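Taking it in order: structure first as structure tokens, then the write-up.
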Amino acid sequence: MMKKKILLVEDTPTILKMAEFRLRKADFEVVTAQSGEEALEIVDKERPDLMLLDYGLPGIDGAEVCRRFKSDERLKRIPIIIFSATLEDLKRVKEFGADDGILKPYESEGLIAKIKEHL
Amino acid sequence: MRILLIEDNPDHTLFTKRVLKKANPSYEVDSTGEAKEALRKIAKESYDLILCDYRLPDSSALHILTEIRGKGRDLPFIVVTSSGSEKIAVELMQEGAYDYVVKDSAYENTLPVVIQRAQDKYNAKKEKEKLEEELRESNKKLQEMYEIKSNFTSMVSHELRTPLTAIKEGIAIVLDGSAGQINGQQKKFLEMAKKNVDRLKRLIDDVLDFSKLESKGLEFKMQEGNINAIINDVVEAHKVVAEEKGLYLKTALEPNMPFVELDPDRVNQVLTNLLSNAIKFTEAGGIIVSSAKEESQNSLEVCLRDTGGGIRNEDLPKLFQKFQQLGGLNQRKTGGTGLGLAISKEIIEQHNGKIWAESEYGKGSLFKFSLPIKRRCKILLIDDDQVILDVCERFFKENIYTAIRSVTGMEGVKLAQKELPDLIILDIRLNDISGYEVIDRLKGIEETRNIPILLMSGYIDELERVKGESGKPVLPWISKPFKKDEFLAKASSLLTKCSAGN
């Protein structure tokens with residue numbers, strides 16, 4: 001079976017590395033981006049099965065990334081999980097057009113389970 | 001004080017001027033007989049009061065009043081009418097005139113009184129406006145401060161949680177062997193680090209919650225909820241921890257609990273806090289969580305009974321205070337900010353409930369909280385006028401109160417006894433017995449004695465009769481015709497024990 005591909009968008013390098021490590025250990029293929037712009041740039045080529053998206057990004061923020069994904073016919077089917085350290089952001093995930101959210105600090109089991117739920 | 005007298009009859013002008021001079025020699029009176037001239041004067045000069053004849057050859061008092069008000073000005077405006085035109089005067093007052101005075105034999109005596117009253121009313125109005133402005137200002141400042149604090153809290157939350165995420169995950173990756181084998185000693189130290197990181201995370205959550213509660217920034221999403229479902233969730237989530245400690249964790253829930261208005265997440269937080277405390281402080285035995293209806297208190301109660309060490313009597317009052325931990329050093333081992341119970345108390349109080357503890361030192365503790373069961377308000381309308389009944393009933397139905405109606409006083413008393421409404425709205429003029437008699441009868445019956453009554457009448461004089469010895473009305477009243485908002489505001493101010501539904 002083909003590995004599922006996750007697009008991980010996160011601007012904090014340590015969290016990016018750790019989450020990437022976790023996801024690979026859980027047998028996902030992972031591509032990363034450190035900004036919303038970069039994510040939009042690589043998404044066509046990479047064709048991920050799901051995006052794990054940090055909310056507080058430099059440049060365009062998580063809400064805007066969601067909006068652009070969900071208004072694009074080719075991208076709107078990619079599930080988006082918002083990844084944020086702020087509870088207030090998570091309360092608004094549906095408003096942004098995202099499918100779910102997970103709070104940082106996270107438990108790796110919870111993160112993996114949530115991703116699988118949306119694949 | 002400068003008064004503008006608008007009067008076309010020269011004799012009347014002269015007479016009024018004389019009355020005013022006599023009433024107060026310092027009154028400065030200017031006069032005109034034409035509306036156009038009057039409006040020009042009002043625009044140009046500053047008057048403290050306008051005295052205006054109702055009928056003018058080229059216009060009317062209503063026209064002048066509308067013009068003045070249209071320009072956004074507020075001046076004490078008194079209408080002078082001939083006797084028999086009081087109805088017109090009352091209409092003018094509805095348009096914003098301050099008062100009216102009838103040109104009759106008592107004119108000489110009433111005019112100064114009416115002027116004084118209009119001035120007092122004007123001053124009171126200005127004072128009120130000033131206070132309202134000040135209130136608005138301070139509200140605005142508070143709002144700004146609240147926003148700053150709220151943004152700050154949110155920023156701090158983010159700034160603390162981001163590095164914590166990296167620390168927690170870094171430890172977890174090494175500890176669970178994902179990054180390669182570690183030896184026993186390495187594992188032991190990492191486990192210590194992990195415990196402390198988890199503790200730090202809880203502390204941050206508590207402090208942030210508390211800071212939000214303090215600034216009233218914690219949002220409550222109230223909805224109809226089932227307390228038993230929340231209890232089951234929380235108990236389920238703690239099963240493993242309790243088992244690991246060898247404790248039993250049971251529930252004794254009353255079936256058919258009424259739905260109450262609550263924020264499920266917040267009530268879950270309170271229960272989680274109480275239950276994790278109970279587990280933390282119990283070494284043998286276990287915990288029973290129960291729920292019960294308290295019909296007499298109109299509330300439901302949740303109780304957590306543990307077989308832990310218990311709390312000394314003198315310590316009970318300190319429990320729910322912030323930053324309080326009992327037992328000094330020994331207690332420190334168990335961790336916590338000392339904010340958990342203070343947060344729980346705030347949350348329960350936001351639900352208009354109560355939280356308390358009972359304990360027998362050495363034998364265990366009992367933590368209880370209650371939440372009010374809200375009933376839908378029931379209102380009895382007594383009026384012989386079907387139209388008024390229809391109007392009131394419609395107002396109430398829009399706000400989902402239950403309305404019962406009666407067209408006679410006798411039937412009203414009977415219904416009050418049978419239905420025990422939360423409020424009775426009572427017209428004074430009824431076809432059978434008077435409203436006063438209805439009140440007497442209601443006050444004479446034990447069950448209905450304390451039901452609030454809102455009196456209603458088209459005749460202010462009649463309402464005045466209900467004044468007590470102090471000169472203040474004994475019962476709240478509203479005069480007909482009334483505006484919907486005014487009516488609902490008055491009615492709901494008397495409804496404290498029930499809710500308007502959803």
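The values are calculated or read from the model by the stated rules, or taken from the named source; none is laboratory data. Note that the structure is predicted; figures quoted are calculated from it, not measured. Note that we place each Cβ from the backbone using ideal geometry, even for glycine, and neighbour counts take in every protein chain shown.
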Checklist entry - What residue, of A:Asp44, A:Asp49, A:Asp72, is surrounded by 15 or more Cβ atoms within 10 Å (Cβ to Cβ), farther than 22 Å from B:Lys201 by Cβ, among the acidic types (Asp, Glu) and out of contact with any helix residue (DSSP H, G or I) (no Cβ under 7 Å at 6 or more places or on another chain)? => result A:Asp49
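Regarding B:Asp120, is this residue out of contact with any Leu (no Cβ under 9 Å at 6 or more places or on another chain), in contact (Cβ under 8 Å) with a residue 40 or more places away in the chain and either more than 14 Å from chain A (Cβ to nearest Cβ) or of a type in the set (A, V, I, L, M, F, W, C) (or both)?
Details: out of contact with any Leu (no Cβ under 9 Å at 6 or more places or on another chain): yes; in contact (Cβ under 8 Å) with a residue 40 or more places away in the chain: no; either more than 14 Å from chain A (Cβ to nearest Cβ) or of a type in the set (A, V, I, L, M, F, W, C) (or both): yes.
When the stated conditions are applied, B:Asp120 does not pass them.
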Checklist entry - Can you name every residue in segment B:422-447 that is farther than 19 Å from B:Asp384 by Cα and buried (at least 21 other Cβ atoms within 10 Å of the Cβ)? => result B:Asp422
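If we scan segment B:136-147, do we find a residue that is touching a Ser or Thr at 6+ places or on another chain (Cβ under 8 Å), under 25 Å from A:Phe83 (Cα atoms) and of a type outside the set (Ser, Thr, Tyr)?
Going through segment B:136-147, the residues touching a Ser or Thr at 6+ places or on another chain (Cβ under 8 Å) turn out to be B:146.
When the remaining residues are screened for being under 25 Å from A:Phe83 (Cα atoms), the result is none.
The answer is no, given that none of the residues of segment B:136-147 is touching a Ser or Thr at 6+ places or on another chain (Cβ under 8 Å), under 25 Å from A:Phe83 (Cα atoms) and of a type outside the set (Ser, Thr, Tyr).
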Next on the checklist: Within segment B:263-298, take every residue that is within 15 Å of B:Asn352 (Cβ to Cβ) and surrounded by fewer than 20 Cβ atoms within 10 Å (Cβ to Cβ) and give me the one that is modelled with the lowest pLDDT.
Outcome noted: B:Gln297
Next on the checklist: Can you name every one of the strands (runs of 3 or more DSSP E) wholly within segment B:415-502 that holds 1 or more residues which are within 21 Å of the chain's Cα centre (by Cα), at pLDDT 80 or above and among the aromatic types (Phe, Trp, Tyr)?
Outcome noted: B:477-479
Checklist entry - Which number in (1) within 14 Å of the chain's Cα centre (by Cα); (2) within 19 Å of A:Leu119 (Cβ to Cβ) marks the one condition that A:Asp27 misses? => result (1)
Item to check | Residue count, segment B:372-391 (criterion: modelled with pLDDT of 85 or more and crowded, with 22+ Cβ neighbours inside 10 Å) | outcome: 5
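Does B:Lys140 satisfy the criteria of being more than 14 Å from chain A (Cβ to nearest Cβ), out of contact with any strand residue (DSSP E or B) (no Cβ under 8 Å at 6 or more places or on another chain) and without any contact (Cβ under 8 Å) to a residue 12 or more places away in the chain?
Working: more than 14 Å from chain A (Cβ to nearest Cβ): yes; out of contact with any strand residue (DSSP E or B) (no Cβ under 8 Å at 6 or more places or on another chain): yes; without any contact (Cβ under 8 Å) to a residue 12 or more places away in the chain: yes.
Taking the combined requirement at face value, the residue satisfies it.
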Item to check | Criterion violated by B:Ser344 - all others in (1) modelled with pLDDT of 80 or more; (2) under 25 Å from the mean Cα position of the chain (by Cα); (3) assigned to a loop (DSSP other than H, G, I, E, B) satisfied | outcome: (3)
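Check segment B:288-298 and report whether any residue there is in contact with a helix residue (DSSP H, G or I) (Cβ under 9 Å, 6 or more places away or on another chain) and without any contact (Cβ under 8 Å) to a residue 60 or more places away in the chain. Even if it seems obvious, please write down each step before you answer.
Applying the first criterion (in contact with a helix residue (DSSP H, G or I) (Cβ under 9 Å, 6 or more places away or on another chain)) to segment B:288-298 yields B:289-291.
Those left that are additionally without any contact (Cβ under 8 Å) to a residue 60 or more places away in the chain: B:289-290.
Yes, because at least one residue in segment B:288-298 is in contact with a helix residue (DSSP H, G or I) (Cβ under 9 Å, 6 or more places away or on another chain) and without any contact (Cβ under 8 Å) to a residue 60 or more places away in the chain.
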Checklist entry - out of contact with any Lys or Arg (no Cβ under 9 Å at 6 or more places or on another chain), in contact (Cβ under 8 Å) with a residue 12 or more places away in the chain and of a type in the set (Phe, Trp, Tyr), is that true of B:Phe320? => result no
